[in-house]
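Novice: Once you've had a glance at the structure underneath, I'll fire off some questions.
What follows draws every value from the coordinates through simple rules; no lab data is involved. Only a predicted model underlies this, so the values are computations on that prediction, with no experimental measurement involved. All Cβ positions, even for glycine, are placed from backbone atoms using ideal geometry, and neighbour counts span all protein chains on display.
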Amino acid sequence: MANIGVVAHAAGDVRIDDIGEPRPAPHEAVVEIAYGGVCGSDLHYWRHGAAGASILREPMVLGHEVSGTVSRAAADGSGPAAGTPVTVHPLTPLGDGHTPWPADRPNLAPGSRYLGSGQHLPHTAGAFAQRVALPTRMLVPLPAGLSLEVATLAEPAAVAWHGVERAGDIRGRHVAVIGAGPIGQLAIAVAHHHGAAQVSATDLHPLPRRLAAAAGATVVDHDAIAELHADVVIESSGTVPGLADAIAAAGRGGTVVMLGLQRAGDVPANLAAAITRELALVGSFRFAGELHPVVEALTDGSLRVDGIVTHVLPVTDALSAFDVAADPARSSKVLLDLRA
């Protein structure tokens, strides 16, 4: 029986390949993947053969936003039993032998590996495949009542959760989200969950604007951004204009969280405004221990993610799924259905 996977071979060359059966190490379980969420990094490998400084140098299975069911428990007895539905924490925190990092922030470990990443050679295979072997420490069992489809949003929701919490306590505050793509939509949901008094959002495209409004955000036009005077601004577009808008949207003494990953190298920004208004510019990278509270909040419904998934396509149509996911005018979060 084939084990279908989504493999990036080069820029513009993503194939549906039979990757063979997984060969788990003793500490690994075999997981039958049900759904995989298409992330911006997957699209970058597809379009450009690189995601930032992570350059594709050999064929690599894509994907790190996944959920599924354990089909074979780990031989060493660790982790969940066969039949357990799980989501996945894609990070393996590692040092590089010389760069220090905070022990309580594994997302900042300098030599880390991430599923579906070309940062290191050999690359770290992702999980867009029907069956994958994964370390049991990555597996988060799902409570009863949380569907595998919704659980696929746990990883990107944890990214948004981490970003919102980088601003500190937001209860009773005005939070503005710049860029209402999938991560921006999840940031809106987390801001509501965390008790923001007002959530505003902006985007260039009608679909994300409609989704943001349906999620309870006040959608503002671009020419009104400077009038927001928000306490906290979440920049989730990862664009140079988005960063400029985020600084413009922040009120005096406010905080700008740079959640969207900017391009490598120098990026222009209005630092004079940031200085004179005493803005705090805060970086946010991936997430650490947020996956467990996210799963709890998805299960009890306090983290509302209705409408964020706009398309679910079979893995055999992965190229069509990538094409749809790359067009913010047509889609928000796109899922691959990997079930046989």
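Novice: Please name which of Trp161, Gly253, His205 has its Cα lying farthest along the dipole of the chain towards the positive end, using unit charges on Cβ (Lys, Arg +1; Asp, Glu -1) and the Cα centre as origin.
Specialist: So the residue we want is Gly253.
Novice: Fewest first, what order do Trp101, Trp46 take by the number of other Cβ atoms within 10 Å? Let's see the in-between values first.
Specialist: Working: Trp101 16, Trp46 25.
Ranked by crowding around the Cβ, least crowded first: Trp101, Trp46.
Novice: Apply the Karplus curve 6.51 cos²θ - 1.76 cosθ + 1.60, θ = phi - 60°, to the phi angles in segment 81-95 and return the couplings in whole Hz, x for Gly and Pro.
Specialist: 6, 4, x, 7, x, 9, 10, 10, 9, x, 8, 10, x, 9, x
Novice: So, one more: What does the highest-first list of 33-41, 179-187 look like by mean Cβ count within 10 Å?
Specialist: Numbers: 33-41: 24.1, 179-187: 29.0.
Going from most to least packed, we get 179-187, 33-41.
Novice: Something else: Cβ neighbours within 10 Å, averaged per peptide: list 263-276, 159-172 in order, most packed at the top. Provide the component values of the computation, followed by the final result.
Specialist: On the way: 263-276: 11.1, 159-172: 20.1.
Ranked by mean Cβ neighbours within 10 Å, highest first: 159-172, 263-276.
Novice: By counting other Cβ atoms within 10 Å of each Cβ, how are Ser78, Ser302 ranked from fewest to most?
Specialist: On the way: Ser78 15, Ser302 11.
With the sparsest Cβ surroundings first, the list reads Ser302, Ser78.
Novice: May I ask you to evaluate 6.51 cos²θ - 1.76 cosθ + 1.60, the Karplus curve with θ = phi - 60°, for each residue of segment 254-262 and list the ³J(HN,Hα) values in order in whole Hz, giving x for glycine and proline?
Specialist: Once θ is set to phi - 60°, the couplings for segment 254-262 become x, 10, 10, 9, 8, 8, x, 6, 6 Hz.
Novice: Could you sort the peptides 192-202, 226-236 by per-residue average Cβ neighbour count (10 Å cutoff), highest mean leading? List each step's numbers first, then the result.
Specialist: On the way: 192-202: 20.1, 226-236: 23.4.
Those peptides, ordered most packed to least, come out 226-236, 192-202.
Novice: If you don't mind, there's one more thing I want to ask. Along segment 330-335, what does the Karplus equation 6.51 cos²θ - 1.76 cosθ + 1.60 (θ = phi - 60°) give for ³J(HN,Hα), rounded to whole Hz, x for Gly and Pro?
Specialist: Computed from phi, the couplings for segment 330-335 are 10, 8, 10, 7, 10, 10 Hz.
Novice: Follow-up question, since we're still on this one. Please work out the C-alpha center-to-center distance from segment 266-340 to segment 85-108 and express it in whole Å.
Specialist: Distance between centres, Cα-based: 20 Å.
Novice: Only Lys, Arg, Asp and Glu count, each charged at its Cβ (+1, +1, -1, -1), so figure out the dipole size of the chain about its Cα centre, rounded to 20 debye. Spell out each step's value before the answer.
Specialist: Values: 22 positive and 33 negative charges, 42 e Å.
That gives the chain a dipole magnitude of about 200 debye.
Novice: Can I ask one more? About its Cα centre, what dipole magnitude does segment 157-283 give when the only charges are +1 on Lys and Arg Cβ and -1 on Asp and Glu Cβ, stated in debye to the nearest 20?
Specialist: Working: 8 positive and 11 negative charges, 41 e Å.
Taking the Cα centre of segment 157-283 as origin, the dipole is about 200 debye.
Novice: Let me ask something else. Translational D (Stokes-Einstein, µm²/s) of the chain at 25 °C and 0.890 mPa s when Rh comes from the Kirkwood sum over C-alpha pairs?
Specialist: On the way: Rh = 20.3 Å.
Rounded, D is 121 µm²/s.
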